[in-house]
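S.K.: So that we are looking at the same thing, I have put the structure below in structure tokens.
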Amino acid sequence: MPPLDIPTYGLVSLGGVTVGLSLFAWDFSRWWASNKKRFTPKALRRLAPFLACLAYGTLLILSAGGLIGAGADWSLWGTNQVGEVVLVYGVGGTSPDVTRSSHLALSPGGHAVIIIVTVVFLAVSSIRGFRWDFVRGVLSGISLGLASSVAGTAGYVLAPVVSYAGDLVAGLL
């Protein structure tokens, strides 16, 4: 049982995935349009913070619970609701559940990595001030982390790598 008895739901709807992909498309298309030489190190360096925030958001939604996991879960609920409203009332569609059937969970070392990355994220954010591109990246990762489609592939790739690295560094292996 998670501490504090904070419930976690971990369900993503088509609306949530739509919001996550829309947030990704916003930043990616702005990056694409502003860089003529897109695959130079300078251009890729401009995209790196958004991709790091996307990966961080994906890892957040894979957290077991607690305050950070609850914040990610509430954010997922919010993107699901916004996406459902847009799909149902915007285009007359539906918003079915698209959560993958098997959840990936982080190991204790992986949870330690989440805390460390959260501290780094807060440190970087406090130096540069509030940045909407960070918020969009994290929300996009939260919205896409549990999806059963290609959009959710990052969860399959990141969770084992972060869990193994955290366990290795913490001495749990």
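S.K.: Using just the Cα positions, wrap segment 20-75 in a convex hull and report its mean projected area in square nanometres, one decimal place.
M.R.: Values: hull surface 17.1 nm².
Dividing the Cα hull surface by four gives the mean projection, 4.3 nm².
S.K.: Further question on the same structure: When ligands, DNA and RNA are left out and all protein chains stay put, how many square angstrom of accessible area per residue does the chain have with a 1.4 Å probe? Walk me through the numbers before you get to the answer.
M.R.: Working: 9880 Å² over 173 residues.
Result: 57 Å² per residue.
S.K.: Still on this structure: Pairs of Cα atoms under 8 Å, at least six residues apart: use those to get the relative contact order of segment 55-158, whole percent.
M.R.: Numbers: 99 pairs, mean separation 51.3, N = 104.
About 49 percent, as a whole number.
S.K.: So if I place +1 on the C-beta of Lys and Arg and -1 on the C-beta of Asp and Glu, and nothing else carries charge, what would the dipole magnitude of the chain be about its Cα centre? I want it in debye, nearest 20. If you can, show how the numbers build up before the last one.
M.R.: On the way: 11 positive and 7 negative charges, 220 e Å.
So the magnitude is around 1060 debye.
S.K.: Let me ask something additional. For SER13, which sequence-distant residues (separation of 5 or more, or a different chain) have an amide H within less than 5 Å of its own amide H, given hydrogens modelled in the peptide plane?
M.R.: So SER13 has HN proximity to VAL98.
S.K.: Still on this structure, I have one more. Calculate the translational D of segment 55-114 in whole µm² s⁻¹ from Stokes-Einstein, where the hydrodynamic radius comes from the Kirkwood formula applied to all Cα pairs, the temperature is 25 °C and the viscosity 0.890 mPa s.
M.R.: Values: Rh = 13.0 Å.
Rounded to a whole number, D works out at 188 µm²/s.
S.K.: Could you work out the mean projected area of the convex hull around the alpha carbons of segment 87-140, in square nanometres to one decimal? Don't jump to the answer; show the numbers that get you there.
M.R.: On the way: hull surface 24.1 nm².
About 6.0 nm², averaged over all directions.
S.K.: With a cut-off of 8 Å between alpha carbons and a minimum separation of six or more residues, what is the relative contact order of segment 1-126 in percent?
M.R.: Working: 110 pairs, mean separation 52.6, N = 126.
With pairs under 8 Å counted, the relative contact order is 42 percent.
S.K.: Using only the alpha-carbon atoms of the chain as identical scatterers, what base-10 log of I(q)/I(0) does the Debye formula give at q = 0.08, 0.11 Å⁻¹?
M.R.: Ignoring solvent entirely, the Cα scatterers give -0.25, -0.48.
S.K.: Quick check: residue separation of TRP77 and ASP97 times 0.36 nm, minus the Cα distance between them. What number comes out in nm? Before the final figure, lay out the partial values.
M.R.: Details: separation 20, 0.36 × 20 = 7.20 nm, distance 1.22 nm.
6.0 nm is the gain from fully extending TRP77 to ASP97.
The values are calculated or read from the model by the stated rules, or taken from the named source; none is laboratory data. Predicted, not measured: the structure shown is a model, and the values here were computed from it. Every residue, glycine among them, receives a Cβ derived from its backbone with ideal geometry; neighbour counts consider all protein chains shown. Quick note on the areas: whole protein, heavy atoms, side chains included, nothing else; ligands and nucleic acids left out. Shrake-Rupley method; radii C 1.70, N 1.55, O 1.52, S 1.80 Å.
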